[in-house]
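Okay, structure first, notes after.
The values are calculated or read from the model by the stated rules, or taken from the named source; none is laboratory data. Keep in mind that what you see is a predicted model, and the values were worked out from it rather than measured. Note: ideal-geometry Cβ built from the backbone for every residue, glycine included; neighbour counts use all protein chains shown. What goes into the accessible areas is simple: the full protein's heavy atoms, side chains included, and nothing from ligands, DNA or RNA. Shrake-Rupley method; radii C 1.70, N 1.55, O 1.52, S 1.80 Å.
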Amino acid sequence: MNATFLLPIWFDLGATLLFAVTGALAAMRRGYDVVGVVAMALISGVGGGILRDAVFIQQGPPAVATDARYLYVVVIGAAIGAVLGDRVQRFNRVIAVFDALGLGAYAVVGVQKSLSAGLSLPAAVLVGVVNAAGGGLLRDVITNQEPLVFKPGQFYVLVALAGAVQYIFMTVHLELAPTPAAFVTIGTTFILRVLTIAMNWKTTSFTPPPPPAA
C-alpha cells in the first residue's frame, strides 16, 4: 500500500480528549483518587493506539510517547471529567457522535498500519478492531469489571469489525486508493453506529442469563 490515509491531528486529539473524559468519569464513579482518574483517562484516551503499536506492530514507540500533545489532551480530559462530573452527561450526544466517527476512523488507521507493517489480512482486521475498541476494553479490565464488549449490548465491536473488513475489501481486493476508501468506510461505520443507537440494535447471549441470587 503505497499511499496512506492520514487521520487529521485535530480529529485525533479531539477524539482522544472525549475518550479521556469518559475514562475519568468511570474512575470517579469507582471512587478513585487523582492518580486513578488521570490513569483511567490515559487508558481510555490512547489505550487502543498503545495496544496497536506496542503489542501488535512493534515498530517504534506509540504516538503518545513521541507527541506530547496526546498527554496534554489526556490531562485536560481528566480535569474536565473531575471538575464537571455528572454534568458532562448533558453532552452525551456530542460524545456519541465523536465516538461513532472515531470507531470507523481508528479501525481504518489500525488496519492500514498493520498492512504497512506486513501483517496478514486477518491480523490487520484484529488490530483494526483493537485500535478502535481497545481503550474501553483496557478500562474495564483494570477497574476489575467484566468488559462491556463481551456482554450482550448495542453493536460496537461488530461495527468496528465491519469497518475493518470493509476497508480491507476496498483497498486490497477492489484496489481503491486509501483516502477515498477510508472516507467511505468511516461514513459507513458512522451510519451503522448511529442506526444501532437509534434503533437499539443489540447482540444476545448464547445462553439464558443466570437467575438472580436469592
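Annotation: of all residues in the stretch 25-38 being in a helix (DSSP H, G or I) and in contact (Cβ under 8 Å) with a residue 24 or more places away in the chain, the one that is surrounded by the most Cβ atoms within 10 Å (Cβ to Cβ) is Ala27.
Thr185 - would you say it is β-branched (Val, Ile, Thr), modelled with pLDDT of 85 or more and open to solvent by 30 Å² or more (accessible area, probe 1.4 Å)? So Thr185 does not fit the description; no.
Quick check, is Thr4 assigned to a helix (DSSP H, G or I), touching a helix residue (DSSP H, G or I) at 6+ places or on another chain (Cβ under 6 Å), modelled with pLDDT under 85 and open to solvent by 30 Å² or more (accessible area, probe 1.4 Å)? The answer is no for Thr4.
Yes/no per residue for (1) farther than 28 Å from Val55 by Cβ; (2) under 15 Å from the mean Cα position of the chain (by Cα); (3) in a helix (DSSP H, G or I); (4) modelled with pLDDT of 90 or more:
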site	(1), (2), (3), (4)
Arg87	yes, no, yes, no
Asn92	yes, no, yes, no
Ile95	no, yes, yes, no
Ala100	no, yes, yes, no
Gln112	no, no, yes, yes
Leu119	no, no, no, yes
Ala123	no, no, yes, yes
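Filtering the stretch 81-102 to residues that are over 25 Å from Ala160 (Cβ atoms), open to solvent by 30 Å² or more (accessible area, probe 1.4 Å) and not acidic (Asp, Glu) leaves Ala82, Val83, Leu84, Arg87, Arg90. Looking at the stretch 167-206, which of its residues are free of Cβ contacts under 8 Å to residues at least 12 places away in the same chain, more than 18 Å from Val157 (Cα to Cα) and among the aliphatic types (A, V, I, L, M)? Leu174, Leu176, listed by residue number. Is it fair to say Val75 is assigned to a helix (DSSP H, G or I), farther than 26 Å from Thr179 by Cβ and open to solvent by 50 Å² or more (accessible area, probe 1.4 Å)? Against the criterion (assigned to a helix (DSSP H, G or I), farther than 26 Å from Thr179 by Cβ and open to solvent by 50 Å² or more (accessible area, probe 1.4 Å)), Val75 qualifies. Put simply, of Pro180, Pro147, Pro210 the only residue that is at pLDDT 90 or above and on the phi < 0 side of the Ramachandran plot is Pro180.
Here Arg52 clears all of (1) charged (D, E, K, R); (2) farther than 21 Å from Ala182 by Cα; (3) modelled with pLDDT of 85 or more except the condition numbered (2).
I'm checking my understanding of the structure. Among residues of the stretch 104-163 that are more than 18 Å from Phe190 (Cβ to Cβ) and hydroxyl-bearing (Ser, Thr, Tyr), which one is surrounded by the most Cβ atoms within 10 Å (Cβ to Cβ)? Top of the filtered list is Ser114.
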